[in-house]
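One structure below.
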Amino acid sequence: ESQPGSDTVGAGDSFLAALIRYLLLEGELPDKALDRACALGAYVANVRGAVPSHDGAPDALRRIFSPQ
């Protein structure tokens, strides 16, 4: 169930972008890449707008947002 003020726009795109990055570009194991992708997709789905501010993201997700 979504939080008040949240929407799912951009959640699938965020999930796929993170999955591609960590699975194909970073070479992480599938389970780890999937965990990261699910976490990012869930975060985006629980905030308002397709491109949420990174300021409110938990520290664990900041690595997904930032280039390494």
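The values are calculated or read from the model by the stated rules, or taken from the named source; none is laboratory data. These numbers were taken from a predicted model, which means no experiment stands behind them. Virtual Cβ from ideal backbone geometry, glycine too; neighbours counted across all protein chains shown. The accessibility values were calculated without ligands, DNA or RNA, using every heavy atom of the protein model including side chains. Shrake-Rupley method; radii C 1.70, N 1.55, O 1.52, S 1.80 Å.
Some observations on this one:
- Flag if Leu24 is within 16 Å of Leu61 (Cα to Cα) and of a type outside the set (Phe, Trp, Tyr): no
- Candidate set: region 36-51, residues that are open to solvent by less than 60 Å² (accessible area, probe 1.4 Å) and of a type in the set (A, V, I, L, M); chosen: the one modelled with the lowest pLDDT: Ala50
- Residue in region 14-35 that is surrounded by the fewest Cβ atoms within 10 Å (Cβ to Cβ), counting only those that are at negative phi, at pLDDT 90 or above and not hydrophobic (A, V, I, L, M, F, W, C): Asp31
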